[in-house]
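Visitor: Here's a structure for you.
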Amino acid sequence: MRMDRGQNTGGLMSSAGLVRYFDAEDSNAIQIDPKTVIATGVMIGILVQLLTFAA
Amino acid sequence: MGWKEAAEPVLTRMPAVRRPEGHVPFKRKLMWTAGILVLYFFLTNIALLGLQGGEATDLFGEFRSVLAGEMGSLMQVGIGPIVTASIVLQLLGGANLLGLDTDDPRDQVLYQGLQKLLVIVMTALTALPMVFAGGFLPAQQSLTLGGLEFGQTQIEMLLFLQIFIGGILILYMDEVVSKWGIGSGIGLFIIASVSQRLVSGFVSPTSEAFFYSWYEIITGQTGVSVASLDGLTYMLSDGGGQLIALVTTILIFAIVVYAESVRVEIPLSHARVKGARGRFPVKLIYASVLPMILVRALQANIQFMGQILNRTWGGMPTWLGDYSAGEPTGGFFYYLNPIYSPQDWMWWTADVGQEAWQVLIRISIDLSFMVVGGAIFAIFWVETTNMGPEATARQIQNSGMQIPGFRQNVGVVEKVMERYIPQVTVIGGALVGLLAVWANMLGTIGGVTGTGLLLAVSITYKLYEEIAEEQMMEMHPMMRQMFGRE
């Protein structure tokens, strides 16, 4: 059991962000495409701006 | 049954950004990073719907340059919730209260889930008082949207919803950069926010900006004679020629870049391949400047509390906090308020309303907070990010290297590492804290604050190193295996 230790450390932790992401993932988790994140951001921005104009 | 089993169904199901399969080419990484940066700037320019214009005050105050985002926009909370959640995790993890082993894949999933849940909770907790307590973001009286009439309470809900969604977006934007881009989203947003302030501190056409104020001095619009003592003071001062601020800003740049290269190098040789040698660098700023943001955020959270109390609690005793024009001028919250600019402490000038001893107490509290806090958070940071003696010894052992003259054994390497890493971490953390306070006392161009400047320079340096590493990997696919990323 100790054999596989240290394999999943995600390489060098050089540029550690404040939020840490590991390689391990759960199959239950909802997977989001990075394009979806950008598209959602753009859409929310446009929506709020349009509503501001309309108001 | 521990908390792990109880929380598992929730924590394992937190939505996550998909990981790239295989290697992402450097150009593609650059595109993702640039895309997120553009989106960030776009969203900082979208004003919140239903906000009463012109009357909002920034709860983040002087901490804005470090916490990124933009007041009154969809990016209202900036990276505040992420930093606060990170403080909680660092403290829990550093004191080993979580019982999570970050080498175990199962615990890694739980850690990631817990981290995300904490950020979401903190986003709500940051957004709630902004909208509902103390009128930091006053809502419009009424709002009509396509025939629907909204009352003030509903508009406040609408404001909260927008800020909350903006905060969640920042979380996922960071995840996209971390997984598909270069560096981290948080680093990117800090650089963006600080550089924007720095550039406008130089070139914006107001008398607060560096170039414009010098234009005024040279054309004689200031009414101060250049050749007199007053003129000299004016040229140096923060409200005038800002020469001291300029020198401080440049010095911080130079010191951080220099300190990045100060290191103790531990020689390594390969156990099997004769002649293959390497060095393990223990940098002076080993834990980087990021722990500093945690100390600042802790101070920021104390000040938010003061601001909220001041707005909502009419009978607040003066020993707790005495406020005038939204700034603490006495009491507990005054002494815990960090020094932002020369106007905060130069007690012999007319800008400071406090006695010299009060100012000195405030300076010493700020200094000890930053130096001691910097050291403590640096230690926690090293432990939680696997940069401690034990973890690095294991990494060196796994790569087949050893320290020449010592037995090839994890315990032995760890002993050698223990001689350097903790000491260097504490000295580095304290030094960075000292630098940040010193820079704030002398002032910086554009009011970016010492911490903001330190963070921006050090993150940019890290980014540069990472890009260099990326390009090396592009050139030699073999390198990818060496860096452990296939």
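The values are calculated or read from the model by the stated rules, or taken from the named source; none is laboratory data. Every value quoted in this text rests on a predicted model; they were computed, and no experiment measured them. Here the Cβ positions follow ideal geometry from the backbone for every residue, glycine too, while neighbour counts run over all protein chains shown. Quick note on the areas: whole protein, heavy atoms, side chains included, nothing else; ligands and nucleic acids left out. Shrake-Rupley method; radii C 1.70, N 1.55, O 1.52, S 1.80 Å.
Visitor: Do you know which residues across the stretch B:31-50 are within 8 Å of chain A (Cβ to nearest Cβ), under 20 Å from the mean Cα position of the chain (by Cα) and under 14 Å from residue B:76 (Cα atoms)?
Guide: Correct list: B:43 only.
Visitor: Just wondering, is there one or more residues in the stretch B:268-290 that are open to solvent by 40 Å² or more (accessible area, probe 1.4 Å), closer than 16 Å to residue B:61 by Cβ and either outside any loop (DSSP other than H, G, I, E, B) or within 14 Å of chain A (Cβ to nearest Cβ) (or both)?
Guide: Looking through the stretch B:268-290, none of the residues is open to solvent by 40 Å² or more (accessible area, probe 1.4 Å), closer than 16 Å to residue B:61 by Cβ and either outside any loop (DSSP other than H, G, I, E, B) or within 14 Å of chain A (Cβ to nearest Cβ) (or both).
Visitor: How about the stretch B:35-80: which of its residues are under 27 Å from residue B:148 (Cα atoms), of a type in the set (A, V, I, L, M) and in contact with a Gly (Cβ under 7 Å, 6 or more places away or on another chain)?
Guide: B:43, B:46, B:47, B:48, B:51, B:56, B:74, B:75, listed by residue number.
Visitor: Shifting gears a bit: So which residues in the stretch B:9-26 are of a type outside the set (Ser, Thr, Tyr) and at the interface with another protein chain (Cβ under 9 Å from one of its Cβ atoms), if there are any at all?
Guide: B:9, B:11, B:13, B:14, B:15, B:16, B:17, B:18, B:19, B:20
Visitor: Only one of (1) within 16 Å of the chain's Cα centre (by Cα); (2) away from chain A (no Cβ under 14 Å); (3) buried (at least 24 other Cβ atoms within 10 Å of the Cβ) fails for residue B:195. Which number is that?
Guide: Exception for residue B:195: condition (3).
Visitor: Also, quick follow-up: Identify, please: which residue in the stretch B:115-154 is within 11 Å of another protein chain (Cβ to nearest Cβ) and at pLDDT 90 or above and is, among those, surrounded by the most Cβ atoms within 10 Å (Cβ to Cβ)?
Guide: B:119
Visitor: May I ask you to list the residues in the stretch A:26-39 that are within 7 Å of chain B (Cβ to nearest Cβ) and in a loop (DSSP other than H, G, I, E, B)?
Guide: Within the stretch A:26-39, A:26, A:28, A:29, A:30, A:33 meet the criteria.
Visitor: Would you call residue B:260 on the phi < 0 side of the Ramachandran plot, touching a residue at least 40 places away in the same chain (Cβ under 8 Å) and among the acidic types (Asp, Glu)?
Guide: Taking the combined requirement at face value, the residue satisfies it.
Visitor: What residue, of B:405, B:400, B:411, is open to solvent by 40 Å² or more (accessible area, probe 1.4 Å), away from chain A (no Cβ under 12 Å) and over 29 Å from the mean Cα position of the chain (by Cα)?
Guide: Among B:405, B:400, B:411, only B:405 is open to solvent by 40 Å² or more (accessible area, probe 1.4 Å), away from chain A (no Cβ under 12 Å) and over 29 Å from the mean Cα position of the chain (by Cα).
Visitor: I've got another one for you. Would it be correct to say that residue B:58 is open to solvent by 20 Å² or more (accessible area, probe 1.4 Å), within 11 Å of chain A (Cβ to nearest Cβ) and assigned to a loop (DSSP other than H, G, I, E, B)?
Guide: no
Visitor: Suppose we filter B:86, B:65, B:73 for residues that are open to solvent by less than 20 Å² (accessible area, probe 1.4 Å) and either of a type in the set (Lys, Arg) or farther than 30 Å from residue B:325 by Cα (or both); which single one remains?
Guide: Being open to solvent by less than 20 Å² (accessible area, probe 1.4 Å) and either of a type in the set (Lys, Arg) or farther than 30 Å from residue B:325 by Cα (or both) holds for just one of B:86, B:65, B:73, which is B:86.
Visitor: Then there's this: Restricting attention to the stretch B:138-151, does a residue exist that is under 16 Å from residue B:308 (Cα atoms) and in contact with a Leu (Cβ under 6 Å, 6 or more places away or on another chain)?
Guide: Within the stretch B:138-151, not a single residue is under 16 Å from residue B:308 (Cα atoms) and in contact with a Leu (Cβ under 6 Å, 6 or more places away or on another chain).
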